[in-house]
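The structure appears below as structure tokens.
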Amino acid sequence: MLRRTLAQALAQRPGGLLAAKIHLKHVSTATTEGYANRPGGSQALFHAEVQELEEEHHLRLTIDAFRQFQAGRLPGGPGARDLIATFTHVDDALRDRTPAEPSVLDTDRRIENLLRAQAASLHVGPANYCWFRDPSKALCLRLAGTTEATRPLIGLCDSARCPQATHHACHRPIWAEQAATFQAFLGNPRVPTGEKTRLRREHDRVQRVLDSIDEATSTAGSTPACPPVPTGEPDICRS
């Protein structure tokens, strides 16, 4: 029972490895990683169950994002254009059938099959979705100086600039809370002027993300453009 509970926590929550470390009272996360990845016996079964639950969860999230797209609530963020193109292709495939093919039904199973490849590239961040399809475009790998990784470095994620990141309505409360926190510090007279300058830049960046989410989710049938790039920062979205 404990194994399945931990597997679900690892599969569905960012930072699940740390949660497992705390729950199992391991001294280091390396011990927890060894427990999850060690081949053979219950460890192998545990790791396989984690992978299976993670794939199921990512497929559900992808289908939910597709349903929102069908309802006119588009994703925001630098990666929105590519995701919308994928969803448009899937939507066309669902519509493009003839009466001579009665066996081809617009069912949940068919949608799952069409979206399974897209779901396989999904990595869940704390405040965004990362569709890790091309390592050479991943901003986190560029910042780390490598493009050989098979998974994104979520800890280095800057979803406001990465061309494979998208923001959805479910992420808005997180960004809104962050904007409110920055606003509170900016209104505090005890914060030094130099620090306020840095906080104001961060607040403006968060506000741009919020604006893009609001614009995308309230505008049906349009493709959001890449967000504006602050002065002095590279335009990675269009690179």
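The values are calculated or read from the model by the stated rules, or taken from the named source; none is laboratory data. The structure displayed is predicted, hence computed values, not measured ones. Reconstructed Cβ throughout: ideal geometry from the backbone, glycine too, with neighbour counts over all protein chains shown.
Got a sec? Which of Gln183, Gln164, Gln118 is of a type in the set (S, T, N, Q) and more than 27 Å from Leu17 (Cβ to Cβ)?
Working: Gln164 fails: more than 27 Å from Leu17 (Cβ to Cβ); Gln118 fails: more than 27 Å from Leu17 (Cβ to Cβ).
The match here is Gln183.
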Kindly list the number of the only condition in (1) touching a strand residue (DSSP E or B) at 6+ places or on another chain (Cβ under 6 Å); (2) among the hydrophobic types (A, V, I, L, M, F, W, C); (3) more than 20 Å from Gln207 (Cα to Cα) that fails for Ala165. (3)
For Arg142, state whether it is in contact (Cβ under 8 Å) with a residue 24 or more places away in the chain and either in a strand (DSSP E or B) or under 13 Å from the mean Cα position of the chain (by Cα) (or both). no
Counting only residues that are of a type in the set (D, E, K, R) and either more than 14 Å from Asp214 (Cβ to Cβ) or out of contact with any helix residue (DSSP H, G or I) (no Cβ under 9 Å at 6 or more places or on another chain) (or both), how many does the stretch 157-174 have? 2
May I ask you to verify whether Gln178 is touching a strand residue (DSSP E or B) at 6+ places or on another chain (Cβ under 9 Å) and surrounded by 17 or more Cβ atoms within 10 Å (Cβ to Cβ)? no
Give just the number: which of (1) farther than 13 Å from Phe66 by Cβ; (2) touching a Leu at 6+ places or on another chain (Cβ under 8 Å) does Ile154 not satisfy? (2)
Name the residue, out of Thr62, Thr32, Thr5, that is in a helix (DSSP H, G or I), modelled with pLDDT of 65 or more and over 16 Å from Thr166 (Cβ atoms). Thr32
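Considering Thr146, Thr193, Thr223, Thr231, which residue is at pLDDT below 95, under 21 Å from Asp82 (Cβ atoms) and not aliphatic (A, V, I, L, M)?
Being at pLDDT below 95, under 21 Å from Asp82 (Cβ atoms) and not aliphatic (A, V, I, L, M) holds for just one of Thr146, Thr193, Thr223, Thr231, which is Thr223.
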Counted residues in the stretch 174-210 being more than 21 Å from Pro78 (Cα to Cα), small (Gly, Ala, Ser) and assigned to a helix (DSSP H, G or I) come to 3
